1. Assign one of three labels to the range 245-338, namely rounded, prolate or oblate, based on the Cα gyration tensor with a ≥ b ≥ c the square roots of its eigenvalues; rounded applies when a/c is under 1.5, prolate when it is not and a/b is larger than b/c, and oblate otherwise.
2. How much of the accessible area of the range 256-342, probe 1.4 Å, is carbon plus sulfur, in whole percent?
3. Relative to a virtual label point 7 Å from the Cα of residue 40 in the Cα→beta-carbon direction, which members of the range 404-434 show backbone nitrogen distances below 14 Å?
4. Could you list which residues have their amide H under 5 Å from that of residue 116, counting only those 5 or more apart in sequence or on another chain, with H placed in the peptide plane?
5. For the range 397-403, in order, what is each residue's ³J(HN,Hα) by Karplus, 6.51 cos²θ - 1.76 cosθ + 1.60 with θ = phi - 60°, in whole Hz (x at glycine and Pro)?
6. Whole-Å semi-axes of the range 299-340's equivalent ellipsoid, largest first, each the root of 5 times a Cα gyration tensor eigenvalue?
7. Measure off, as a whole percent, the carbon and sulfur share of the 1.4 Å-probe accessible area of the range 64-135, all protein chains present.
8. Let me have the relative contact order for the range 333-408, percent, based on Cα pairs under 8 Å that are six or more residues apart.
Amino acid sequence: MRTLIKNGTIVTAIDEFVGDVLVEGEKIVAVGEQLDVSAAEVVDAKGKYVLPGGVDQHVHYSFEFKGERVRGFETSNAAVAGGTTTVVEFVNQEQGKGMADTIFDMDKKEVVNQAMADYSYHAVVCDPVDSTFEEIADLPNRGISTVKLFMAYKGMPFHSDDEALYKALIAAKEAGVTVMVHCENADVIDYLQKKLIYEGKTDPYYHAVSRPARVELEATQRVINLAAMVGAPVYIVHVTAKSVMQAIRSAKNEGLPVYGETCVQYLMLDKDDLAKPNFEGAKYVMSPALRTKGDQEALWEAVNNGWLNAVSTDHCGFNWESQKHMGIDDFTNIPNGAPGVENRLGVLWTYGVNTGKISRQRFVDLFATTPAKNMGLHHNKGHIGVGMDADIVIYDPDGSSIISNENSLHGVDYSTFEGYKQEGKVDKVFLRGKLVVEDSEYIGKKGDGKFIPGKPFALGFDEVKSTEINRV
């Protein structure tokens with residue numbers, strides 16, 4: 001079956017023009033102006049933007065915190081309804097089990113028949129024994145191109161010390177696997193948390209007090225140095241602060257292959273949200289913590305200039321009433337994370353594109369194109385071009401609405417961006433050529449999504465290769 005999308009304004013990371021897109025089966029087979037072809041279905045996109053389906057490289061559909069678990073892939077229709085057609089899930093390694101086996105056992109049980117977006121996986125080190133680091137060499141053969149380590153969360157299974165980081169960087173460099181790191185100084189956080197609780201400072205706001213920007217900065221600088229010792233690329237996830245962004249920028253200016261992302265919430269929210277009364281602040285407990293309006297401005301500048309190369313969500317769907325309230329008397333017991341995958345396009349468009357903070361081309365790059373490159377998915381995802389998967393979003397810039405949890409599909413009892421204005425709307429979404437959103441309503445089904453293998457030696461290794469060539 002062939003579908004012709006006509007007369008839309010096609011936006012890529014480098015271009016914008018009024019034209020047509022021809023889809024045959026799951027692939028884009030032609031892109032041009034006034035294509036003279038026949039098709040079983042013709043979609044007139046005049047006055048609307050034709051965008052590549054979004055790639056959210058940072059989501060949590062299987063995360064557990066102190067016995068509580070987030071909503072899973074049964075809510076991944078929220079991503080698609082918001083214009084994100086591919087998500088990349090972090091899967092924490094089970095103790096005594098390989099990382100890839102952990103991932104694909106979960107895939108069989110919980111994902112393959114549930115996923116409504118296409119998906120890939122990050123491996124997460126939780127059992128830092130020699131066999132875990134030896135396994136990194138085989139991850140690309142299983143379609144896994146990234147491995148993540150947490151420097152935070154002292155005492156938790158997923159905390160990694162410097163030795164684990166160093167071993168992972170060595171193994172990953174040889175295998176072409178990108179190391180991603182959650183950067184916070186675990187020991188300092190542990191001390192500050194205990195001190196604050198002892199002093200009776202238990203409200204959600206003290207989550208931010210216990211995790212100041214310098215604990216993120218210190219850990220970021222430390223892992224940059226470790227990666228430099230090895231000569232490996234490193235990717236810093238969910239950057240929140242101006243100082244951290246500057247550390248990444250400085251490393252890049254020195255020629256080091258250091259990259260980073262931020263998330264929508266760090267561009268839009270600040271630590272005052274944690275001080276909302278009646279325990280509402282618990283909705284905004286995430287790690288690293290929210291910062292200041294000055295940090296927001298610096299992060300917008302960073303994504304516009306490419307100092308940070310992607311905007312993700314760190315989507316993590318815990319309920320406020322039944323799960324976040326675990327920490328009503330102790331902020332350290334509040335499950336970390338917030339939902340956001342459904343609102344990424346709308347928020348970035350409204351508060352980024354429409355305010356002039358980023359161009360439409362830059363939006364596409366941050367939302368789809370570079371996330372696909374970071375993950376080794378760019379052969380199929382993140383761009384409107386011949387041979388690419390037909391993941392296409394038609395965005396209608398007219399009209400406006402108010403973001404409300406009442407209309408959300410993410411399956412939890414609050415929205416991170418409740419009450420925020422959204423300009424325009426996701427009108428239609430195609431997932432590998434199949435229409436799954438029509439007139440802003442999700443019409444797909446469970447199991448529409450499929451696993452997309454990531455390829456090794458992704459974007460981060462481009463600079464490694466050039467640096468090594470220059471050294472020769």
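The values are calculated or read from the model by the stated rules, or taken from the named source; none is laboratory data. Because the structure is predicted, anything quoted here is derived from the model rather than measured. In this analysis, Cβ positions are derived from the backbone assuming ideal geometry, glycine residues included, and neighbour counts consider all displayed protein chains. To get the accessible areas, we keep the full protein, side chains included, count just its heavy atoms, and leave off ligands, DNA and RNA. Shrake-Rupley method; radii C 1.70, N 1.55, O 1.52, S 1.80 Å.
1. prolate
2. Numbers: 1090 of 2460 Å².
Solvent-exposed carbon and sulfur of the range 256-342 make up 44 percent of the total.
3. What the label zone holds, given the 14 Å backbone N cut-off, is 433-434.
4. For residue 116, whose amide H was placed from the backbone, the distant partners under 5 Å are 76, 77, 447, 449.
5. Result, ordered by residue: x, 7, x, 8, 8, 10, 5 Hz.
6. Numbers: eigenvalues 193, 25, 8 Å².
Here the semi-axes work out to 31, 11, 6 Å.
7. Numbers: 1040 of 2450 Å².
Exposed carbon and sulfur together represent 42 percent of the surface.
8. Details: 33 pairs, mean separation 11.7, N = 76.
Taking the mean separation of contacting Cα pairs over the length of the range 333-408, I get 15 percent.
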